[in-house]
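One structure is given here, and the rest of the page talks about it.
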Amino acid sequence: MKSNIKKASNDNIQIPPGKLVAPSIAADSIAEVNFLNPYRNFITKRPLPPLVQNYYDKNMGILHMYAIVFVDSNEDPGSFDVYQQEIVSESGKSQLNFYITYDKPETRVSQFTGYRVNFAVRMPNPGNPPTQIETFLWDEDPRTSRGTVTTVQPA
């Protein structure tokens, strides 16, 4: 199966599938989180899955996304880009995948800073919005978190 993941100019950087829908979102840090683990070898380099909430405004045809992403506290992610990919889920329903991206070195850590990343996307078919979305934190060199699946809520 051919991957639709695009490589950027640096071979170590990979841009997620889909189209760029929210470039350079400045995010505020909102919390420090420490996952103490006595078995340090089990701490992964993969990003943590984001916490996500969303609302769909059917009158405006806009999906409002509110996410908290967790990044190594020793790194300043600067800004985040968001990519959107439309797919059909395993259950045969319309689903959107969102990839919130940043690029920082991969490290094994237990101390994270939570960043609020909010954005809105106009739906191409407002009368038929997706029933669920999956949101990933994507480190572009290339690591991706497990996705967080959420049901689309009416506003």
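So which residues in the range 39-63 are assigned to a loop (DSSP other than H, G, I, E, B), modelled with pLDDT of 90 or more and open to solvent by less than 80 Å² (accessible area, probe 1.4 Å)?
Pro50, Gly61, listed by residue number.
Mind checking which residues of the range 52-69 are among the hydroxyl-bearing types (Ser, Thr, Tyr) and under 15 Å from the mean Cα position of the chain (by Cα)?
The one that is among the hydroxyl-bearing types (Ser, Thr, Tyr) and under 15 Å from the mean Cα position of the chain (by Cα): Tyr66.
Yes or no: the range 24-34 includes at least one residue that is more than 12 Å from the chain's Cα centre (by Cα) and at pLDDT below 85.
For the range 24-34, residues more than 12 Å from the chain's Cα centre (by Cα) and at pLDDT below 85: present.
Limited to the range 82-100, what total is found for residues that are aromatic (Phe, Trp, Tyr) and either in contact with a Pro (Cβ under 8 Å, 6 or more places away or on another chain) or at pLDDT below 90 (or both)?
The number of residues fulfilling the criteria is 2.
Say we look at the range 123-150 and pick out the residues that are among the charged types (D, E, K, R) and either over 21 Å from Ser79 (Cβ atoms) or in contact with a His (Cβ under 9 Å, 6 or more places away or on another chain) (or both); which of these is modelled with the highest pLDDT?
Glu134
Run Gln153 past the list (1) more than 17 Å from Arg46 (Cα to Cα); (2) at pLDDT 80 or above and report the number of the one that doesn't hold.
Gln153 satisfies all of (1) more than 17 Å from Arg46 (Cα to Cα); (2) at pLDDT 80 or above except (2).
Just to verify a result, which residue in the range 112-153, among those that are within 17 Å of the chain's Cα centre (by Cα) and basic (Lys, Arg), is least open to solvent (accessible area, probe 1.4 Å)?
Arg143
Could you look through the range 103-122, keep only residues that are among the hydroxyl-bearing types (Ser, Thr, Tyr) and at pLDDT 90 or above, and pick out the one that is farthest from Ala27 (Cα to Cα)?
Thr113
Taking the residues in the range 122-135 that are touching a Phe, Trp or Tyr at 6+ places or on another chain (Cβ under 8 Å) and in contact (Cβ under 8 Å) with a residue 60 or more places away in the chain as candidates, determine which candidate is nearest to Ile62 (Cα to Cα).
Met123
How many of the residues in the range 70-111 are surrounded by 20 or more Cβ atoms within 10 Å (Cβ to Cβ) and either without any contact (Cβ under 8 Å) to a residue 24 or more places away in the chain or more than 14 Å from the chain's Cα centre (by Cα) (or both)?
Looking only at that region, the number is 1.
The values are calculated or read from the model by the stated rules, or taken from the named source; none is laboratory data. Since this is a predicted model, take the numbers as computed values, not measurements. Virtual Cβ from ideal backbone geometry, glycine too; neighbours counted across all protein chains shown. Protein only, heavy atoms only, side chains kept; ligands, DNA and RNA dropped before computing areas. Shrake-Rupley method; radii C 1.70, N 1.55, O 1.52, S 1.80 Å.
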